[in-house]
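What follows is a short report on a single structure.
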Amino acid sequence: MRKFNYILKDKTKTIKEVERDYIKVINAGLINKKIADASILKEILLCPPNTMNDELHLDFIKRLRPITYNLVDKKFILFDFFFGKEYSQLQPIISKFISENFSFKICPYCGIDYVNSFKECLSYYMNFSDFLINSTHKELKRLKRIGDGKAKEILLNRSSLAQKDFEKKYSKYESSFKQLKLKPQFHNHYTLDHIIPKAKYPLFQISLYNLIPVCYSCNTKFKGEYELENCVIPNSDGYVLESGLKFCLLKEEDSFKINYKLIHSSDSKSINDYMKEFKIIGRYNEHLDIVLSLKEKAEKYNDVKILEISRQTGISVEELKEMIFGVDVINGEPDSQLFKLKNDISKDFGIL
Ligand SMILES: [Zn+2]
C-alpha cells in the first residue's frame with residue numbers, strides 16, 4: 001500500500017553508481033564464471049519487473065548459451081547452470097547489499113508492518129569484561145577463534161570460576177571483541193520478495209529491481225506465487241494503490257467496519273484482486289480501534305470547538321490538532337504504519 005522509492009543511504013552516490021556496485025557484488029559472488037559477456041549480466045541484473053516476460057527470459061537464455069536450448073523447460077537447473085551458485089547462497093549477499101544501500105521503513109505491500117535493517121556493534125556492552133559476563137552463546141561465537149565448544153566452556157566457567165580468574169583466562173579474546181565493535185553486523189527485519197516469482201523466471205531472481213523488502217506475513221503467508229499486475233507493483237512507475245483507492249468506515253447494523261472505495265476504474269480488477277490476495281481489509285480491521293478513536297475525537301472536537309479552545313488558551317489550531325488527534329495523524333510520515341488508512345479516514349472525518 002506504499003510506493004517503494006529507492007532512497008539511497010549514501011547521499012553522495014547516484015543510483016547508477018549503486019547499480020554498478022550491485023553488478024560487481026554479484027559478479028564477485030558467482031562461482032561459475034560462464035558469463036563471458038558482462039553486458040548480459042548487467043542487463044539481467046538491472047531489468048525492471050514490467051519487462052520480465054517469457055520473451056525476454058528466453059532471449060537471455062539464448063544469448064547466455066546457445067547450446068542449452070534444451071534446458072529451457074528445466075527451469076530450476078537454469079540458474080545454477082549459468083550462475084554456478086544457488087540463489088540461497090547469494091541471498092545473504094543480496095540482502096546485505098540492499099540493507100547497506102537503500103533506506104526503507106514500511107512494508108510496501110501492506111503498509112502495516114515496519115521493514116528495516118539495523119547495524120549492531122555490541123554497543124550495549126560497556127567493555128570486554130561486561131561482554132564476557134553477559135553475552136549470549138551466539139555472540140561469543142562471533143569472536144575469532146571461539147567455536148561452539150569454547151563458547152559453551154565460557155558460559156560454564158562464568159559461574160564456576162572466580163571473576164578475576166575467569167577474566168584472566170579469556171583475556172586473549174579482548175582484541176577480537178574490540179574488532180567486532182568496530183565492524184557492525186547488519187540485521188534484517190524483513191524478507192526479500194521476488195516480485196516476479198523465481199519459479200517462473202529463474203534468471204530474474206537476482207535482478208535488483210525484482211527484489212523488494214517486505215514483511216514476513218505478506219511474503220510468506222499471503223503473496224506466495226501470486227503474480228502482481230504492473231499497476232500494483234510497488235516499484236513500478238504505474239503504481240496506483242496510493243491514489244486508486246480510498247479507505248472508509250462503513251456502518252453495518254450496530255457495528256463499524258473498515259472498507260475501501262475504488263477511485264480509478266481502469267485498474268479496479270487488479271486492485272480488488274490485490275486487496276483479496278493480501279487480505280488487506282481483514283488485516284486493517286484488526287486496527288479498527290484506531291479509527292473509532294479518531295471518530296470519537298472528531299465528533300467531540302470539531303473545527304469550531306478547536307478554534308474556541310485555541311482562542312482561550314493561545315495554543316495554535318495546528319498544535320491543538322496534533323495534541324488531540326496525534327502527530328501521526330496531523331503530520332504523519334507516509335512511511336509510517338497504516339498511514340493511508342489514517343489519512344483517508346481523517347479526511348472523511350474533517351480532521352484534515
Ligand atoms: Zn506487509
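Bear in mind that the values in this text are calculations on the coordinates, not laboratory data. Please read these numbers as outputs of a predicted model, since none were measured by experiment. Positions of Cβ are generated from backbone atoms using ideal geometry, with glycine treated the same way; all protein chains shown enter the neighbour counts.
In table form, for the structure just shown:
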| read-out | value |
| --- | --- |
| Highest-MSF residue in the chain out of ILE258, ILE309, ILE196 [GNM, Cα springs under 10 Å] | ILE309 |
| Simple spin-label estimate for LYS16 and SER293 in nanometres, 7 Å along Cα-Cβ | 4.8 |
| Pairs beyond 29 Å (Cα-Cα), from LYS141/LYS164; LYS11/LYS342; LYS279/LYS305; LYS138/LYS342; LYS3/LYS269 | LYS11/LYS342; LYS279/LYS305; LYS138/LYS342 |
| Computed magnitude of the charge dipole of the chain (debye, nearest 20; Cβ of K, R +1, Cβ of D, E -1) | 1760 |
| Inter-site label distance for ALA38 and ALA199 at 7 Å from Cα along Cβ, in nm | 3.7 |
| Selected from HIS264, HIS189, HIS137 as most flexible by GNM, with the chain as the system and alpha-carbon contacts under 10 Å | HIS137 |
| Efficiency of FRET from Cβ geometry, PHE118 and LEU182, R₀ 25 Å, rounded to 0.05 | 0.90 |
| Kirkwood-Stokes translational diffusion coefficient of the chain, alpha-carbon pairs, 25 °C, 0.890 mPa s, µm²/s | 101 |
| Positive-pole candidate from LEU245, SER266, ILE330, dipole of region 245-348, charges at beta carbon | SER266 |
| Computed [θ] at 222 nm, helices only, for the chain once each DSSP H run of length n ≥ 4 contributes -39500 (n - 2.57) | -13500 deg cm²/dmol |
| Under 16 Å from the Cα of LYS13 - lysines, other chains or at least 8 residues apart | LYS24 |
| For region 100-157 and region 280-352, distance of Cα centres in Å | 38 |
| Amide hydrogen neighbours beyond the local backbone of LYS85, cut-off 5 Å, H modeled | ILE31, ASN32 |
| Neighbour-limited loop hits for chymotrypsin sites (Phe, Trp or Tyr not before Pro), region 149-216 (at most 12 other Cβ within 10 Å; DSSP other than H, G, I, E, B) | none |
| Cβ-based exposure ranking for LYS42, LYS340, in which fewest neighbours within 10 Å come first | LYS42, LYS340 |
| Spin-label model distance (nm) - VAL327 vs ILE281, 7 Å beyond Cα toward Cβ | 3.5 |
